[in-house]
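Quick notes on the structure that follows.
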Amino acid sequence: MSQQYKGNIPLTLSEYDTLTQLLSRILSTKYPPVIIPGEAILGIEAVAAGISAPGRTIVNVVTGPYGSLFGQWLERGGATVIEVKVPFDEVVPVEKVAAAIEKHKPSALSFVQAEVVTGGSNPAEEIIKIARAHNLITVSDSVSAIGGEPLLVDEWGVDFVAVGAQKALAGPNGISAVSISPRGWEFLESNAHALRNSILSLLDLKPSGEGTAPVRVPPNIPTLEARALILALTAIESEGLEQVIKRHEQAALSAIAGIQALGLEPWQKDKRTYSTLTTTVRIAGEEKLHIDQPIGIVAPGDGELFGQLLRINHFGGNASLAGVEEAVATIAALLNQDHEQAVQAVRLIWGKTT
């Protein structure tokens, strides 16, 4: 080997600082995030464990399975959870969120920004604006959204943001992050029930403050994954975040055109709420579209959505013309249809949005 294998070399303080700075810039925040030593579900559960407590009322928006799970974790911590739920082929109307806040006077509000499982995207900026008008702590599960949709953490005033690396960021799945505002840290620190000495303790992972260099690299940070995420985030900065988001938008629009050319319809009812990360296809009794395992980036529905929809996972490196073309051709093959017309529809839309 001409180059030294770095897997057994500990992450340097400089590399760790680079990682936190890259994440902060992607999130448009001046505060360093907590680096989570595992897949993003760990960070989401850690947020729930840190903010939930008896006597706290939290409005939890449920537009997919992960919202349901987050509510269960909040209840486990003793919080009173007010569920604002809609069918999974819709996203939440902001009026419904506002009504729940007015009625129940919660201390916090949580929601999923982009639902890759359902193919819908909640109106994040509007939800956060309503919550902040009532001085609520805001929690956004943006695991899939970061890199595929805008999220201006400081400008919008988001207190907790769960970040995944393996979706739109095209990074590894063994490392993630949680962005926490100063208000968020105060909310955590004021909770006597917040976990300590636990893998779910965000307080144990609190980084140095704004403008302060980290003193040491946390010993539990996975080295290979951290270096892989640095490379992925550096590539995004090189391409430009706006262009990366635009590429995801192109993928979504062209995928919709492709499936419609095959005589299929999106799972989501309202075209204004389509996610840029995934396009979900309504099966509607079409037995040929029932698959048990993913075929490329075409995947079956998860959980209760199995057998009801297909997912085209056009995020990260697959947010590309070639990725969408291949996915549409795969679905055409499942239907025993010629794919050429559908692929041409994909190319036409991609060309118009370039």
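The values are calculated or read from the model by the stated rules, or taken from the named source; none is laboratory data. Small disclaimer: the values here were computed from a predicted structure and weren't measured. All Cβ positions, glycine included, derive from the backbone under ideal geometry; neighbour counts span all protein chains shown. Note: areas computed on protein heavy atoms with side chains; ligands, DNA, RNA excluded. Shrake-Rupley method; radii C 1.70, N 1.55, O 1.52, S 1.80 Å.
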Write down the accessible area per residue of segment 1-147 in Å², having rolled a 1.4 Å probe over the full set of protein chains.
-> 39 Å²
Other-chain or far-sequence residues with amide H under 5 Å of VAL62's (modelled H) | VAL84, LYS85, VAL86
Under 27 Å from the Cα of LYS167, which lysines turn up, not counting those fewer than eight places away in the same chain?
-> LYS6, LYS30, LYS85, LYS129, LYS206, LYS246, LYS269, LYS271, LYS352
Roughly how many nanometres apart are two label points built 7 Å out from the Cα toward the Cβ at ASN197 and ARG25?
-> 4.0 nm
Label point distance in nm, ALA99-GLU237, each placed 7 Å from Cα along Cα→Cβ = 4.6 nm
Exposure ranking of THR57, THR138 by accessible area [1.4 Å probe, largest first] = THR57, THR138
List every residue whose amide H lies under 5 Å from the amide H of GLY120, counting only residues 5 or more places away in sequence or on a different chain, with H placed 1.01 Å from N in the peptide plane.
-> GLU115, SER275
Restricting things to alpha carbons, find the Rg to Rh ratio for segment 256-314 using the Kirkwood radius for Rh.
-> 0.92
Base-10 log of normalised Debye intensity for segment 133-266 (one unit scatterer per alpha-carbon) at q = 0.09, 0.18, 0.22 Å⁻¹ = -0.37, -1.18, -1.46
Charge dipole magnitude, Cβ of K and R +1, D and E -1 - segment 246-354, Cα centre, debye nearest 20 | 500 debye
Mean separation of Cα contacts under 8 Å (at least 6 apart) over the residue count of the chain, i.e. the relative contact order in percent, is 19 percent
Here, SER14 and LEU224, labelled 7 Å along Cα→Cβ, have an inter-label distance in nm of 2.4 nm
Take the alpha carbon gyration tensor of segment 211-354, find the square roots of its eigenvalues, order them as a ≥ b ≥ c, and report rounded if a/c is under 1.5; if not, report prolate when a/b exceeds b/c, else oblate.
-> prolate
Beta bridges by DSSP in the chain, antiparallel share as percent, to the nearest 5 | 55 percent
Per-residue HN-Hα couplings for segment 118-130, Karplus 6.51 cos²θ - 1.76 cosθ + 1.60 at θ = phi - 60°, whole Hz, x for Gly and Pro?
-> 10, x, x, 10, 6, x, 4, 4, 5, 4, 5, 4, 5
Residue separation between HIS290 and ASP154 times 0.36 nm, minus their alpha-carbon distance, gives in nm 44.7 nm
With DSSP loop assignment and no more than 13 other C-beta atoms within 10 Å, the chymotrypsin sites (Phe, Trp or Tyr not before Pro) in segment 230-337 are PHE306
Percentage of Cα-Cα pair distances in the chain greater than 31 Å, rounded to whole percent?
-> 35 percent
